[in-house]
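See below for the structure under consideration.
The values are calculated or read from the model by the stated rules, or taken from the named source; none is laboratory data. The model shown is predicted, which means the values in this text are computed figures rather than measured ones. Heads up, the Cβs are rebuilt from the backbone with ideal geometry, glycines too, and the neighbour counts pull from every protein chain shown.
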Amino acid sequence: MEWIDDFPDGVVVADAEGRVEYVNERIENMARADPGEMIGMHISEAMPFDDLNGNSWYDSTRPYDGLAIRTRISEQAWWSPRGSEYLITARLVRERPAGPVRRVVVSVRNARVRNQRDRERSDLVATVAHELRSPLTGIKGFSSTLLSKWDKFSEEQRQLMLETVDADADRLTRLITELLDAARIDAGRLTLRRGPVKVDEIVRHVLRNVSAAGAVDAHEVEVGDDLQLIWGDADRITQVVTNLVENAMRHGHGLKRILVQNTEHPDYQGGVSLQVHDHGPGIPEEMRQRVFSRFWRSGPGAGSGLGMYIVRGIVVEHGGQIDIQDSEGGGAAIRIWLPINEPDTLTD
C-alpha cells in the first residue's frame, strides 16, 4: 500500500477490531506523529476530531455499528484538538452485504482549500450581482420615469433617456456574454469553430470598426512578409484583438502600434505573433500575471474585469501563449502567439 503515501489526503485504515493497521505519511504529518506511532492505536484515538458541540467523530459516526447496509460515511467538517478544520469521509468494507465491518478506510482532508474556494464563489456572486445591478438600475429608473411622466418631458429629453436605456441594455448584454464566456473557460467547455485565419486581416477589420467609432488616435500597423495562415476561430480571435485594442485606447493612453509577424522566437516554431503597444505608463512586472485574473481592474473607467481573463482563455484554447512586456520608449506591449494548427487532412 506504499502508493497511498503519494495520496494528497490523509488516510487511516483500521481492522475489524478498530485497530489502526495502516496510515500514510500525510496523516502522520497532520497529526505531527512519528513514523509508525499511530499503528496499533484504536481508531477513536487516531481520529481525535470533534464537531463544534464537542461530539467526537468516532462516537457520532459509529463506523462499526448502526445500519448494517452502510458502506460509506459522508464527508463532513470536523475539528482537530488544535482547532484546525478538516473534511472527513470513510468507507466501510464489509465481509458481505449487510455483514460485519472488517475494515474502515478514512480519508482526512484539510478544509482550508475548500473554504478558500467557497469564499471565492461568494466574492464572485457579490461581484456579479454588483455588475448586473448597475446597468439594471439605469434601465429601471429611466423606464419607470418615462412610463409615469411621459408627457412632462420634451421629445429631446425622451430621446436622451431612451438612448441611455439602450446603452445600459447593451452594457448588460456584453456583461452577460463575458460571464458566459468566463464560465465556459472555467469548465473547459469553450468551443472553437476552426478555419483558415489571416491575423493581419482581422487586425485591420478591428481597427476599421474602432476608427469608425472615432476612438483611434494615430497608430501604426506593421505586418511581416509572407505572413503564415493559421487555423483557428476567426470570431474568437477578433474578440481577442478587439479587447486588446480597446484596452490600449482606454487604459493605455492610446494605441501606439500593432505588429503582426511570423514568430522568430525559438520556443514558438511555426506560428504568428501579435503585439499591441500603447502609450501608457506600462504594467509593473509583479502585476502582470494578475492582469489575467477574473475581475481584475485598474484605474477609472475599468470594465467588468473579465476581458483579459477571457483573452487568455481563448489564446490558450488555440494552443497559444500570451504575455506582457515593456514597450520600447515606454508603455505596455501585450504579445500573443498563435500556432498554425493546420489539420492533417482537409476535406471539401
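Tell me whether the stretch 126-143 contains one or more residues that are closer than 30 Å to Trp79 by Cα, at pLDDT below 90 and not assigned by TED's automatic domain parsing to the domain that holds Ser80. Yes, the stretch 126-143 contains a residue that is closer than 30 Å to Trp79 by Cα, at pLDDT below 90 and not assigned by TED's automatic domain parsing to the domain that holds Ser80. Go through the stretch 147-159 and report how many residues are within 24 Å of Ser134 (Cα to Cα) and either polar (S, T, N, Q) or not assigned by TED's automatic domain parsing to the domain that holds Pro135 (or both). Going through the stretch 147-159 one residue at a time, the tally reaches 3. Can you tell me which residue among Ala183, Ala187 is over 30 Å from Gln275 (Cβ atoms) and at pLDDT below 90? From the options Ala183, Ala187, the qualifying one is Ala187.
Residues that are in contact with a helix residue (DSSP H, G or I) (Cβ under 9 Å, 6 or more places away or on another chain), in contact (Cβ under 8 Å) with a residue 40 or more places away in the chain and closer than 14 Å to Arg94 by Cα occur in the stretch 17-39; there is at least one. Restricted to the stretch 160-249, the set of strands (runs of 3 or more DSSP E) holding at least 3 residues that are without any contact (Cβ under 8 Å) to a residue 40 or more places away in the chain and assigned by TED's automatic domain parsing to the domain that holds Met308 comprises 220-223.
Residues in the stretch 112-160 that are closer than 30 Å to Asp9 by Cβ and aliphatic (A, V, I, L, M): Val113, Leu124, Val125.
Among the residues of the stretch 175-207, the ones that are surrounded by 15 or more Cβ atoms within 10 Å (Cβ to Cβ), basic (Lys, Arg) and within 17 Å of Gly313 (Cα to Cα) come to 2 in all. Taking Gln261 as the residue in question, decide whether it is in contact with a helix residue (DSSP H, G or I) (Cβ under 9 Å, 6 or more places away or on another chain), closer than 25 Å to Pro196 by Cα and modelled with pLDDT of 85 or more. Spelling it out, it is not the case that Gln261 is in contact with a helix residue (DSSP H, G or I) (Cβ under 9 Å, 6 or more places away or on another chain), closer than 25 Å to Pro196 by Cα and modelled with pLDDT of 85 or more.
Okay, residues lined up against (1) of a type in the set (Gly, Ala, Ser); (2) modelled with pLDDT of 90 or more; (3) farther than 27 Å from Arg194 by Cβ; (4) in contact with a Cys (Cβ under 8 Å, 6 or more places away or on another chain):
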| residue | (1), (2), (3), (4) |
| --- | --- |
| Gly313 | yes, yes, no, no |
| Val316 | no, yes, no, no |
| Gly320 | yes, yes, no, no |
| Asp326 | no, yes, yes, no |
| Thr345 | no, no, no, no |
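Leu146: over 20 Å from Arg312 (Cα atoms), modelled with pLDDT under 90 and surrounded by 14 or more Cβ atoms within 10 Å (Cβ to Cβ), yes or no? The answer is no for Leu146. When each of Pro97, Pro81 is tested for being free of Cβ contacts under 8 Å to residues at least 40 places away in the same chain, in contact with a Pro (Cβ under 7 Å, 6 or more places away or on another chain), farther than 15 Å from Val13 by Cα and not hydroxyl-bearing (Ser, Thr, Tyr), the lone residue that passes is Pro81.
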